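**Student:** The structure's right below; bear with me while I get my questions together.
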Amino acid sequence: MAEIYEGAVDKGLEGVVACTTGISSIVDATLCFRGYTIEDLAAHSTFEEVVYLLWYDRLPNEQEFKEFSSTLHKEMALRDDLVTQLSSLPRESVHPMSWLRTAVSMLALWDPDANGQDQQSRDRIALRLTAKVGSLVALFERLRQGKSYVSPNPEKSFAWNFLYMLTGAEPDAEVEKVFDTCLILHADHELNCSAFASRVTASSLSDIYSAIVSGIGALKGPLHGGANEQVMRTLIEIGTVEKAQEWVKNALANKEKVMGFGHRVYKNGDPRAKILQGMSASLTKKAGKPELYEMSKVIHETVVAEKGLLPNVDFYSATVYYSMGIPLDLYTPIFATSRVSGWLAHVFEQYSKNRIYRPRGHWIGKEGLKWSPLSNR
Ligand code: COA
């Protein structure tokens, strides 16, 4: 009996439908946000517009877009007293995702709306969070380099501002566009692990900040958002195109996972990986590191040939970020910078038709034990 339950239940809820949702859908290899394909959005939209779409279930008109973007960009600024407090947090040997988890939790203490349950308070929190997660990531990097906080320019896009606040230099239009596309690709993804974690927390009617901190914690793991950083570490470890095939074969023979491959839902390929593959090819070339793309291709072909697994969103995003000069351990925080918008859409959806998540566990432990005093054990 115990084995039957372990086989059926302890498999990461594979195939279990845990809720109804109207935010993003995956059908075979097609991903849509609110009915629009990811290819369409990546080619024609902006991150700001996609955030609006995820939250309000439609694309904004011109006026709505202007107002929404302008508020979002203004909200990217961090208060001086918050920057001072954050500057005092430990950074040595701290993973930026751990720092971000704490920093986002701290944001709530400065937010007068933090516990507001009315729609206006929730809208303001959502804007603040989406605006500020990226600013926190940028601040972490500035602080660890011994540099000071850079204020955003509300006239510029979210993507432009993130890169500017990170480096202190104005990004060129091509880099801004590439980064904006990365943000769009990562914004939401149906009932992934971190969105589910956010929804579970929201289902107790806890506050939005708590739900988002749950999402950050779940995204951090190497089986979820943490995979993109591990992909780049793998490429660096392999070192040359010539060594790639043998490295993959050895890893698979040793039953190791090759990061950036496989997916619970996509069995015929992740559409985001296809878009990122093209971006990786051109950006690695532009950065004078075409061998990184060549190496990725050999890994890709070898994993397909040996294991039949296709790359997921994390595989080619690693070389895209590397080519942009972004430090490896910021890849997952950048994922969070975008995905916070999706978590918020899920939290709103959860609140709108809530029932607390409270599944059962099938008992497989010991039974009927009698307590005995310490001296008898
Ligand atoms: N490399 C090598 N083998 C892999 C693999 C990978 N990246 N992903 C899955 N497999 C293998 C497993 O070892 C297992 O093989 P087995 O049946 O011989 O034991 C089989 O494929 C099923 O894998 P499983 O881990 O049970 O699939 P899952 O649906 O539970 O997990 C992922 C999905 C994404 C967590 C999994 O594919 C993975 O760990 N990938 C690497 C991490 C990653 O890139 N995460 C980002 C996801 S977007």
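No lab work stands behind these numbers, since they all come straight from the coordinates. Quick caveat, the model's predicted, so the values are computed rather than measured. A quick note on method: Cβ atoms are made from the backbone with ideal geometry, for glycine too, and the neighbour counts reach across all protein chains shown.
**Student:** Return the ratio Rg/(2.2 N^0.38 Å) for the chain, where Rg is computed over Cα atoms only.
**Tutor:** Taking N as the residue count of the chain, the ratio is 1.04.
**Student:** Can you bin region 213-265 into rounded, prolate or oblate? Criterion: square roots of the alpha carbon gyration tensor eigenvalues sorted a ≥ b ≥ c, rounded for a/c under 1.5, prolate for a/b above b/c, oblate for the rest.
**Tutor:** prolate
**Student:** Return the distance in nm (one decimal) between the two label points of a simple spin-label model at Gln85 and Met106, each offset 7 Å from Cα along Cα→Cβ.
**Tutor:** 0.8 nm
**Student:** Can you tell me the dipole magnitude for the chain around its Cα centre, using point charges on the Cβ only (Lys, Arg +1; Asp, Glu -1), in Debye to the nearest 20?
**Tutor:** Dipole of the chain, to the nearest 20 debye: 1100 debye.
**Student:** Efficiency by 1/(1 + (r/R0)^6): what FRET value for Asn153 and Ser204, r their Cβ-Cβ distance, R0 = 35 Å, to the nearest 0.05?
**Tutor:** Once the sixth-power term is evaluated, E becomes 0.35.
**Student:** How big is the charge dipole of region 53-92 about its Cα centre, in debye rounded to the nearest 20, if each Lys and Arg gets +1 on its Cβ and each Asp and Glu gets -1 on its Cβ?
**Tutor:** 60 debye
**Student:** If the chain between Val304 and Glu170 were fully stretched, how many nm would it gain, using 0.36 nm times the residue separation less the Cα-Cα distance?
**Tutor:** In short, 44.3 nm is gained.
**Student:** Then there's this: Ordered by packing density, taken as the mean number of other Cβ atoms within 10 Å over each peptide's residues, highest first, how do 263-272, 219-228, 182-191 rank?
**Tutor:** 182-191, 219-228, 263-272
**Student:** Between Pro290, Ala345, Gln277, whose Cα lies farthest towards the positive end of the dipole of the chain when Lys and Arg beta carbons carry +1 and Asp and Glu beta carbons carry -1, centred on the Cα centre?
**Tutor:** So the residue we want is Ala345.
**Student:** State the Cα centre-to-centre distance between region 28-80 and region 150-193 in whole Å.
**Tutor:** Between the Cα centres of region 28-80 and region 150-193 lies a distance of 12 Å.
**Student:** Determine the alpha carbon to alpha carbon distance for each of Lys267/Lys297; Lys177/Lys267; Lys11/Lys220 and list only those over 23 Å.
**Tutor:** Over 23 Å apart, Cα to Cα: Lys177/Lys267.
**Student:** Looking at the calculated P(r) for region 233-312, what percent of the C-alpha pair distances fall above 18 Å?
**Tutor:** Result for the distance tail: 40 percent.
**Student:** A further question follows. What net charge do the residues around Ala77 carry, taking every other residue with its C-beta under 11 Å from that of Ala77, with Lys and Arg at +1 and Asp and Glu at -1?
**Tutor:** Here the count lands on +2.
**Student:** Obtain the nm distance between the two label points defined at Val94 and Lys297 by a simple spin-label model: each point lies 7 Å from its Cα along the Cα-to-C-beta direction.
**Tutor:** It is 4.2 nm.
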